[in-house]
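The structure appears right after this line, and notes come after that.
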Amino acid sequence: MEKKEKSGFAKTFSIWFGLGALMFGTYCGANMAAGTYATTYIVTLGGGWALVWLAMFCAFMSFFCAVGLEFVRVYKVNNYNEYYLALYGVDKPQSSPLVRAVVTVFFDIFTTLKGIVNVSATVALFTELMHSLFGIPVLAATIMGILLFAFLTMYGAAFLRKFNSAMTIALIVSLVVILAAVIRIRGEVLMGCIGNFQEGLDWTGTSVKAHFFLFLSYCFNTSAWGSTMSNYADQLRDRRDAIGSGVMMGVLVTLLFAITGAIVLPFMPEVISGTPILMICQKYFSSVLTAIYWVVVMLAVISTAPSFTFNFSNRWAKVWKSEKLSHKAKFFILSFSFLLLCGLISKVGLITLIKKGYTALGNIALFTIIIPIFISIPRMIHQDKLNRAAAAAEKAG
């Protein structure tokens with residue numbers, strides 16, 4: 001009975017959707033919920049080319065997430081430091097201490113800056129929402145957000161998978177309600193744009209070639225998600241789970257791009273800048289739709305910060321060797337400290353400087369992650385064979 005439950009469809013779907021939803025919730029930050037990513041990357045050149053960009057993104061996202069999760073499963077890593085050490089083949093005790101140190105320091109800086117950029121923006125947006133919607137003082141709203149995100153992070157990977165599953169369903173339902181309202185008043189315009197490769201080429205002044213290379217660079221950033229997902233991949237049982245979960249991630253995030261893109265497309269190029277979906281709701285719909293949009297933004301904010309914070313805390317909780325505090329207490333202290341730093345950065349204007357540093361490191365990381373991933377695939381396949389042989393020998397013995 002236990003074996004049937006573990007191999008059943010319900011269990012498989014819970015693993016795949018759990019990881020896919022976690023990625024969906026993490027990806028659906030403030031810019032995504034605002035429709036800014038849709039106007040910047042997807043519908044920039046109209047509804048015809050939007051289909052090309054969506055297919056391109058889905059292919060990149062699915063591939064890198066599937067390979068990353070398979071790497072996590074084969075090498076049994078559970079935080080980003082272990083992931084990158086294994087990726088570079090310096091995860092063994094006999095590995096070069098110098099190379100280990102270089103890999104560790106570089107990706108500690110890169111991942112921390114990535115987290116600070118995303119979480120600082122999220123804390124700032126949460127503060128703004130609490131102040132604008134409920135009149136809560138800015139300082140109190142910031143502290144409220146920091147405590148909320150720290151508590152959510154503290155309860156671990158299993159909780160965040162379930163939490164983001166609920167957030168994903170709520171986000172999809174809310175966005176679909178807004179999309180339905182858009183179709184009601186601009187359905188014909190939307191259908192006329194989809195598949196049209198001529199309309200939209202003059203919206204921004206950029207060429208198809210220029211946008212292709214811009215979007216290609218954006219797609220390359222999906223190569224780093226394997227390190228983040230290493231924190232949550234403990235339920236993966238085999239290669240099918242890794243590939244299925246990776247594809248689920250690609251499909252769900254592409255769906256997020258598609259829905260937000262479909263909402264803003266009939267109003268292009270009018271909403272090319274600013275916060276497109278909010279502008280649409282306020283100008284064309286009732287206050288009820290605007291309220292639903294604020295729910296989307298709130299859910300997006302709450303679902304994004306804990307995942308990035310957990311990535312940081314899970315790395316350093318293992319370094320903190322003291323037995324005086326429980327694992328959960330360490331997680332809360334680390335999460336609270338990281339979130340407090342992000343809150344301070346969002347207030348004193350350092351986020352622009354941090355973004356520049358992250359962008360510079362990101363340009364390097366494109367080569368320091370993507371090339372090792374392709375190089376490591378044969379090594380990963382060989383290691384998987386060794387793992388299976390060892391498991392078979394152990395079972396036979």
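Only one entry of A140, A233 meets the criterion of being free of Cβ contacts under 8 Å to residues at least 24 places away in the same chain and among the hydrophobic types (A, V, I, L, M, F, W, C), and that entry is A140. If the condition is being surrounded by 21 or more Cβ atoms within 10 Å (Cβ to Cβ) and either free of Cβ contacts under 8 Å to residues at least 24 places away in the same chain or over 15 Å from N221 (Cβ atoms) (or both), then the range 50-62 contributes only A50. Condition check: in contact with a His (Cβ under 9 Å, 6 or more places away or on another chain) and among the aliphatic types (A, V, I, L, M). Does L45 satisfy that? So L45 fits the description; yes.
Mind listing whichever residues of the range 118-139 are of a type outside the set (A, V, I, L, M, F, W, C) and at negative phi?
Narrowing the range 118-139 to residues of a type outside the set (A, V, I, L, M, F, W, C): 118, 120, 122, 127-128, 131-132, 135, 137.
If the condition is that a residue be of a type outside the set (A, V, I, L, M, F, W, C) and at negative phi, then N118, S120, T122, T127, E128, H131, S132, P137 are the ones that fit.
If the condition is being open to solvent by 70 Å² or more (accessible area, probe 1.4 Å) and within 16 Å of Y37 (Cβ to Cβ), then the range 207-220 contributes only L214.
In the condition set (1) without any contact (Cβ under 8 Å) to a residue 60 or more places away in the chain; (2) under 18 Å from L334 (Cα atoms), S207 is compliant with all but (2).
Among the residues of the range 20-30, some residue qualifies, meaning at least one is touching a residue at least 60 places away in the same chain (Cβ under 8 Å), in contact with a helix residue (DSSP H, G or I) (Cβ under 8 Å, 6 or more places away or on another chain) and open to solvent by 20 Å² or more (accessible area, probe 1.4 Å). Just so you know, in the range 221-239 the residues that are assigned to a helix (DSSP H, G or I) and not hydroxyl-bearing (S, T, Y) include one that is most open to solvent (accessible area, probe 1.4 Å), and it is R239.
Can you tell me which residues in the range 161-206 are of a type in the set (K, R) and either crowded, with 19+ Cβ neighbours inside 10 Å or farther than 30 Å from I15 by Cα (or both)? Before the answer, list the steps.
Our first condition is that a residue be of a type in the set (K, R); within the range 161-206, this holds for 161-162, 184, 186.
Within the range 161-206, R161, R184, R186 qualify.
Summed over the range 248-289, residues that are open to solvent by less than 20 Å² (accessible area, probe 1.4 Å) and farther than 19 Å from G47 by Cα total 4. Hey, could you check the range 93-123 for residues that are open to solvent by less than 40 Å² (accessible area, probe 1.4 Å) and of a type in the set (A, V, I, L, M, F, W, C) and say which is farthest from the chain's Cα centre (by Cα)? The extreme case among them is V103.
The values are calculated or read from the model by the stated rules, or taken from the named source; none is laboratory data. Predicted model, so just to flag it, every value in this text is computed and none were measured. Reconstructed Cβ throughout: ideal geometry from the backbone, glycine too, with neighbour counts over all protein chains shown. The protein model used for the area step is the full one, side chains on, heavy atoms only, and it has no ligands, DNA or RNA in it. Shrake-Rupley method; radii C 1.70, N 1.55, O 1.52, S 1.80 Å.
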